[in-house]
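The values are calculated or read from the model by the stated rules, or taken from the named source; none is laboratory data. As the structure is a prediction and not an experimental result, all values here were calculated from the model. In this analysis, Cβ positions are derived from the backbone assuming ideal geometry, glycine residues included, and neighbour counts consider all displayed protein chains.
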Amino acid sequence: MSGVLARILYALLLAGILAVAAWISFSRFVLGKAEEVPDLTGRSVDEATALAAERGLRIVVDRTQEAFNEEIPARRIRGQNPAAGMAVKAGQDLRIFLSLGPRIVSAPDLAGLTPRTAALSLARQGLTEGAVSAIRLPGPQGVIAQGVVPGASTDPETPVDVLVNRGSTDILYVMPDLIGRDFERVRLAFEARGFRLGGVREQPYEGAAAGTILRQFPLAGSAVGLKDTLSFVIASPEPQPG
């Protein structure tokens, strides 16, 4: 019986010792010295680790919170939790969030695009349209040069200047007065120079030889180019006596 009692007393004593030890540990944690969280913004991980260690704190890098930042270089700290200035107990973890640096975009190739299409392509890449200049040169119309080389890296919202080819300038001629001239000779001369002849209508006209030009369009003195269509009214052959 005395042996059983002794074991009970020993168990109670051991439980008491454990309870006292737990209370002392808890009291030390609660009443322990509070540390102020340092501001780690802009520092490297190594710098932050050393600074936190001086206060008995540990650094934990949260890779899931990495993000672009226009002001903080890549691999530097852009944020932390707990925030700077808060009071924490020694041994607590400080989660830090790293910067990926400023966002960089790639300039698209605008060659051959119209000004409107080029502006849309720039907007899709996060860039803006700069000055739009135009020139007339032989060859296809569209963008022929741009201020940022295609594929080059640049900052978002960078304005990109473009030079647009409007195509060759049309050569204009002054329409001569062709009334009274022979249509066949006029036709051959104009077609040899690349002009297009449109409608040719015959009309009886007393005293005029067949094929004589009676009316013309455009009128004499008008500006005409190779894209314009020329139309004529010519004298029809006189009817033969029956």
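Within the range 173-218, take every residue that is assigned to a strand (DSSP E or B) and hydrophobic (A, V, I, L, M, F, W, C) and give me the one that is modelled with the lowest pLDDT. Of everything passing the filter in the range 173-218, Leu197 is modelled with the lowest pLDDT. For the criterion of being farther than 30 Å from Gly198 by Cβ, basic (Lys, Arg) and surrounded by fewer than 12 Cβ atoms within 10 Å (Cβ to Cβ), Arg116 passes. Within the set Val148, Val143, the sole residue that is more than 30 Å from Glu238 (Cβ to Cβ), among the hydrophobic types (A, V, I, L, M, F, W, C) and in a loop (DSSP other than H, G, I, E, B) turns out to be Val148.
Against the condition assigned to a loop (DSSP other than H, G, I, E, B), in contact with a Leu (Cβ under 9 Å, 6 or more places away or on another chain) and surrounded by 13 or more Cβ atoms within 10 Å (Cβ to Cβ), how does Pro102 come out, does it pass? Taking the combined requirement at face value, the residue does not satisfy it. Of the strands (runs of 3 or more DSSP E) lying entirely inside the range 28-98, those containing at least 3 residues that are among the hydrophobic types (A, V, I, L, M, F, W, C) are 58-61, 93-98. Of all positions in the range 128-136, none carries a residue that is part of a strand (DSSP E or B), over 30 Å from Lys227 (Cβ atoms), out of contact with any Ser or Thr (no Cβ under 6 Å at 6 or more places or on another chain) and assigned by TED's automatic domain parsing to the domain that holds Val37.
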